[in-house]
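All remarks here apply to the structure that follows.
The numbers here are math on the coordinates, done by the rules we state, and not lab data. Computed from a predicted structure; not experimentally measured. Heads up, the Cβs are rebuilt from the backbone with ideal geometry, glycines too, and the neighbour counts pull from every protein chain shown.
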Amino acid sequence: MTPDRTPTKSRHDQKEQDDQKGRTSTRRSFLKVAGISVGTLAIAGAAGLTWRAVDGGVFASGTGEAFAAWAEAGPDAHDALGLVRAAVLAANAHNAQPWQFRVADNRIDVFADTTRNLGTMDPLLREMDVSLGCAIENIVVAAPVNGKTATVTLLPDPADPTHVARIDLQAAEASVSPLFTAITGRHTDRNGYDLTRPVGAAELALLSAAVDAPETELVWFTTPAEKDAFGALTVRATEAIIADPQQVADDAAWYRTDWHEVQSKKDGITIDPSGQSEFIRAVSKVIPVSTAQNNAGWLAGTRDSQIPTAAAFGALLVRDPLDTGQRLSVGRAWQRLHLSMTVDGLRAQPLCQIPERIDRERSTGLNPDFSDALAALLPAGRHAIMTFRIGYPTGEALPSPRRPAREVVLS
Ligand SMILES: Cc1cc2nc3c(=O)[nH]c(=O)nc-3n(C[C@H](O)[C@H](O)[C@H](O)COP(=O)(O)O)c2cc1C
């Protein structure tokens, strides 16, 4: 099923608005910032811009209104709005937070906010649906803390495809699970992982067992040949995105470098969770980096750090990649999986460049280059709509900003 959820405002339009305000072209400096040049660092050094110079002030990691939501989802939030406080902390593509919630005593309805689409980075809204599934799962995981069990009905209203879930809440004995506790500790970790700590087959099997979503299957890429094939394809997909000006523009529209913009918008990809060193993060908060440097850094980080240090890659598969229900189920599975990993001390990072190129091919009629190459790595008749890497940490994974529950609840 592919419901008509035509975005009411495209990412490209948003970028044009931002360009008019003179902000966009220089602000894409961080997630991909490993490409920052020696010259830039020299300027930073000359200007005395060390991390210490900005740390502790308004630039300090994870501080300010934009991060307050992470402290609002504790076990003492005893009402339905408390469940939305958990929902907003879910993983979501580009941290666009494409959700709205209608809250009643015994029911929460979840809606897609299609204005928060990713343009050509997500032309078929696959990542939007997966992100909404992640938010739904956090509500399910949080419900017992509020003395409720949650019953989810996906796509309850055929007349409204933006109404992605109705969640009925029934009274039950209150309990706090390890998965609930992990909601505020789960972060996407873009650092390199610990090469001295492999993830064993038994651990991977336990994680697989956590995936019981309908029509969803998890596959792991663990042998050197499988990892090489998936890694090389991800690097090639990254290169293809960087060579596609429209994807570059739509990707960039969600990057936030300016502290005040982070605090007012409370969304998007920010520098602190980028996996870069403290010094690079500090410099990139104050020195503009060109688009070319930015993209070179993204490619280098993917190729030289994220892929070679992955203990394993994984993919969540469905039979019909255009089916909204299957995508929502994959989102639920991913969130549960990532929470389980957090409980186990594991870290994870979605690496979705390949599916992003596949959707670009499908939506524009390009040759099915990445579609065919990924299909060759998967069981016949299955499609990967969420791809990721896992491993043990080498550093801290820092939080991303969030719009708090009160800003995403419909009156
Ligand atoms: C469908 C989907 C696709 C994503 N793709 C990527 C990706 O390709 N690379 C990446 O670094 N993070 C990716 N992410 C992670 C998001 O960027 C991340 O969840 C978001 O920025 C919020 O940060 P948090 O997970 O630390 O709370 C993806 C997440 C989702 C749900």
- [ ] Return the sequence-ordered ³J(HN,Hα) values of the stretch 105-117 in whole Hz as given by the Karplus equation 6.51 cos²θ - 1.76 cosθ + 1.60 applied to θ = phi - 60°, using x for Gly and Pro.
- [x] 4, 10, 6, 10, 9, 10, 10, 7, 9, 6, 5, 9, 8
Task: Whole-number D in µm²/s for the stretch 192-282 (Stokes-Einstein; Kirkwood sum over Cα pairs; 37 °C, 0.692 mPa s) - done: 191 µm²/s
TODO: Average the reciprocal distances over every distinct pair of alpha-carbons in the stretch 11-410, invert the result, and give the Kirkwood radius in Å.
DONE: 21.4 Å
Open item on the list: Quick check: the distance between the Cα centres of the stretch 302-362 and the stretch 377-397, to the nearest angstrom?
Closed with: 5 Å
Open item on the list: If packing is taken as the average number of other Cβ atoms within 10 Å across a peptide's residues, how do 227-236, 124-133, 140-149 rank, most packed first?
Closed with: 124-133, 140-149, 227-236
Open item on the list: I'd like to know how the stretch 152-240 sits against the 2.2 N^0.38 Å rule of thumb: what's its Cα Rg over that expected value?
Closed with: 1.57
TODO: Add +1 for every Lys or Arg and -1 for every Asp or Glu among the other residues with Cβ under 14 Å from the Cβ of residue 379, and state the total.
DONE: -1
Open item on the list: For a quick check: sort 163, 338, 383 by the number of other beta carbons within 10 angstrom, fewest at the front.
Closed with: 163, 383, 338
Task: At 1.306 mPa s and 10 °C, Stokes D of the stretch 243-338 from Kirkwood alpha-carbon radius, µm² per second - done: 98 µm²/s
Open item on the list: Give me, ordered by chain and number, the residues 5 or more places off residue 391 or on other chains with an amide H under 5 Å from its own placed amide H.
Closed with: 311, 347
TODO: Take 339, 206, 155, 179 and order them by how many other Cβ atoms sit within 10 Å, fewest up front.
DONE: 206, 155, 179, 339
Open item on the list: Suppose the chain between residue 286 and residue 232 were pulled fully straight at 0.36 nm per residue; how much longer would it get relative to their current alpha carbon spacing?
Closed with: 16.1 nm
TODO: List, largest first, the extents of the alpha carbons of the stretch 269-389 along their principal axes, each in whole Å.
DONE: 47, 40, 26
- [ ] Describe numerically, in nm with one decimal, the distance between label points set 7 Å from Cα along Cα→Cβ at residue 206 and at residue 376.
- [x] 3.6 nm
Open item on the list: Give me the net charge for the shell around residue 393: Cβ to Cβ below 13 angstrom, other residues only, Lys and Arg +1, Asp and Glu -1.
Closed with: +1
